[in-house]
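Just so you know, all these numbers are worked out from the coordinates, no wet-lab data involved. As the structure is a prediction and not an experimental result, all values here were calculated from the model. A quick note on method: Cβ atoms are made from the backbone with ideal geometry, for glycine too, and the neighbour counts reach across all protein chains shown.
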Amino acid sequence: MYLCSIINTMEELVVKDSNGAVLQDGDSVMVVKTLKVKGSSITIKQGTIVKKIRLTDDEELIEGKVDGSVVVLRTEFLKKK
């Protein structure tokens, strides 16, 4: 009798900012371009610091709080602080 074992390997998501620096949960990032938030009247100005980010399932998106609202931001507009 042969035993086959199936090994589930979870590929680690590598999330990088606009400069190629690796981002992790809890990092602080700075917005490099003024952004309008879809579906809201919020505008995130260039230079705004977003603290304690959370990574998502998508390597191009992160979650963070800006002015008390949780927003999803694209990593191409962020720079690690």
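Compute the label zone of Lys16 within segment 32-68: residues whose backbone N is under 20 Å from the point 7 Å along Cα-to-Cβ. From segment 32-68, the list is 32-33, 54-63. With 0.36 nm allotted per residue and the present C-alpha distance subtracted, the Ser40-Glu76 stretch has 10.9 nm of extension available. Look at the dipole of the chain built from charges on Cβ: of Ser40, Leu61, Gln24, the Cα furthest out on the positive end belongs to Ser40. Assuming R0 = 25 Å, what is the FRET efficiency of Asp25 and Asp67, from their Cβ-Cβ distance, to the nearest 0.05? According to the calculation, E is roughly 0.75.
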